Amino acid sequence: MSSPKQQEEREVRGASRREFLKTAATGAAAVMGAPGAAQAFDFESFLQKNFRQMSDEEIDEVLDRLSRKYSKKYGKDVTVDAVGPMDDVVYGYGLDISRCIGCRRCVYACVEENNQSRDPEIQWIRVLEFEREAATRGIDMEDGNPYYDHETVPAEDKFYLPMACMHCEDSPCTNVCPTGATWSDPDGIVVIDYDWCIGCRYCMAACPYGARKFNWGEPNVSAEDINPDMHLLGNRPRSRGVVEKCSFCIQRVRKGRYPACLEACPVGARKFGNLLDPDSEIRYLLKHKRTFVLKSELKTNPKFFYFYG
Amino acid sequence: MASNSPDPEDYRPPGYQLVTWVILGLAVVVVFGLTSIRTDHQPDTSRDYPSRPQLPDVEPVLLPPPPMDDEYFPCSDCHEDEPPNPIERELEDEHDEMDFEHGTLWCLDCHDLNDREKLHLADDALVEFEDSWQLCTQCHGKKLADWRAGVHGKRTGHWRGPKEYRACVSCHNPHSPPFKPLAPEPPPLRPENITPNGNVRLEAAHE
């Protein structure tokens, strides 16, 4: 990671309305050092209530405003919705590590589907490469290498472990958020309301899986690349100074579709479904396959399961 | 060129002080807002979303295998005149460039000796090429249940709603079944190639 000095610089320079809000909220009056606030100030989203406090009419208004705003910005028909959770559904994800070949198709399918910044580069999925013999000793994430680059994969004597948000049942990240900008919805998706994220990054420190990514710079997705099917709590454009992460493709799965990473996987290693449905793929693999979760000792209760197919 | 010690001035737009005061005023409003939500970190299960779709479950549809090389179709073009030869051997006059390694199998464990357009099962029942999964799962029975459940192989479409799944031969070449290696997509940037505000260092971009 970057040097402590760089980190410090980021913190000073990253001062924005979010930092400012944090200062204000803790009662400190010395706010003159928060000049970044002047950037492209959006009063409406500033005053917007937390998503969970809004009435249906208010939400509709916001969705309408954002759809119009992004349609104009990207010159195409953008719709932002806020489709809610289905009844009797809690999502679970399964990844077959005996199949994964480390091709990273999932990483880029995710970037495209979820409008992740191309430059600066943000990627929600990270694929770690491990020595095969290391698996016999148990997986230590610190030993994983995300930067591997081979002619073809799988490389000999290696195995691969893709990682993103685990959508923990007891999510440490949501507990530390000072503004309530991130929470776990009834279908188990841990969501972020970007309008309420102040960029304090407590959630990033709390997440044991490194799943949350911070927009140090202004994110950048071209009009050509933008995916116009957006969810308010998912793949709509983010701004500098907010945290983002995998949402299980909330804009797809709440309409019954599979996540983008799953469909991109050439070996069929990725499985997704309703944990409450005994006939689902995810329940089948929990019942019939050897499964594990990462860092189970932390009792975060991930809903992302790894299995041997 | 990107530099290591960025100039702290570059984020200050003109007139920032004025705006800062405006914001200070607004902040007072927001502080009230914040204190009212801070008490509540638990998921708000009571919240009524504008739309909660309830979709039906639908049986998955088997996609036909991708079309084969038409170089060898129809088989009868040659095999009509070619006397069938059941003897296990190295083929030399035709089909010799084919990668063939599947356990210790021989062509006629799968292909029918008398009807080249068909495959045959252990009990000699004939099977169309499109239904080759019936052949595969006769020997790989343990995969059948996993595949039907969507856990071996791949489904696409809707986890709830219309979905498709794929035949064995769309991932496995029956003549050389291990999944073939692929070129990986590019790795993520290394932290040393990223500037403090998250952009790519120019040197790295031109590598």
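Take segment B:107-151 and flag every residue that is assigned to a helix (DSSP H, G or I) and among the polar types (S, T, N, Q).
B:Gln134, B:Thr137, B:Gln138
Confirm whether B:Thr137 is within 14 Å of chain A (Cβ to nearest Cβ), out of contact with any Ser or Thr (no Cβ under 6 Å at 6 or more places or on another chain) and among the β-branched types (Val, Ile, Thr). Spell out how you get there, then give the answer.
Details: within 14 Å of chain A (Cβ to nearest Cβ): no; out of contact with any Ser or Thr (no Cβ under 6 Å at 6 or more places or on another chain): yes; among the β-branched types (Val, Ile, Thr): yes.
Spelling it out, it is not the case that B:Thr137 is within 14 Å of chain A (Cβ to nearest Cβ), out of contact with any Ser or Thr (no Cβ under 6 Å at 6 or more places or on another chain) and among the β-branched types (Val, Ile, Thr).
Filter segment B:172-189 down to residues that are in a loop (DSSP other than H, G, I, E, B) and either aliphatic (A, V, I, L, M) or at the interface with chain A (Cβ under 7 Å from one of its Cβ atoms) (or both), then give me how many there are.
Of the residues in that region, 8 qualify.
Out of the residues in segment A:236-257 that are outside any strand (DSSP E or B) and aliphatic (A, V, I, L, M), which is surrounded by the fewest Cβ atoms within 10 Å (Cβ to Cβ)?
Among them, the one singled out is A:Val242.
Check whether at least one residue in segment A:143-151 is modelled with pLDDT under 95 and under 28 Å from A:Lys299 (Cβ atoms), and report yes or no.
Yes: segment A:143-151 contains one or more residues that are modelled with pLDDT under 95 and under 28 Å from A:Lys299 (Cβ atoms).
If I filter segment A:266-282 for residues that are buried (at least 22 other Cβ atoms within 10 Å of the Cβ), β-branched (Val, Ile, Thr) and under 26 Å from A:Ile139 (Cα atoms), do I get at least one hit?
Within segment A:266-282, one or more residues are buried (at least 22 other Cβ atoms within 10 Å of the Cβ), β-branched (Val, Ile, Thr) and under 26 Å from A:Ile139 (Cα atoms).
Taking the criterion of being in a loop (DSSP other than H, G, I, E, B), open to solvent by 10 Å² or more (accessible area, probe 1.4 Å) and hydrophobic (A, V, I, L, M, F, W, C), would at least one residue in segment A:131-140 satisfy it? Walk me through it before giving the result.
Here is the first cut: in segment A:131-140, the ones in a loop (DSSP other than H, G, I, E, B) are A:136-140.
Among the residues that remain, those that are also open to solvent by 10 Å² or more (accessible area, probe 1.4 Å) are: A:136-140.
With the extra rule that they be hydrophobic (A, V, I, L, M, F, W, C), the set shrinks to A:139.
The answer is yes; a qualifying residue exists.
Can you pull out every residue in segment A:195-232 that is farther than 26 Å from A:Asp88 by Cα, more than 13 Å from chain B (Cβ to nearest Cβ) and open to solvent by less than 10 Å² (accessible area, probe 1.4 Å)?
A:Ala211, A:Ile226
Please go through segment B:142-171 and pick out each residue that is more than 17 Å from A:Cys106 (Cα to Cα), within 7 Å of chain A (Cβ to nearest Cβ) and of a type in the set (Lys, Arg).
Matches in segment B:142-171: B:Arg160 only.
The values are calculated or read from the model by the stated rules, or taken from the named source; none is laboratory data. Predicted model, so just to flag it, every value in this text is computed and none were measured. Counting neighbours? That spans all protein chains shown, and the Cβs are built from the backbone with ideal geometry, glycine included. Heavy atoms of the whole protein, side chains included, go into the accessibility calculation; ligands, DNA and RNA do not. Shrake-Rupley method; radii C 1.70, N 1.55, O 1.52, S 1.80 Å.
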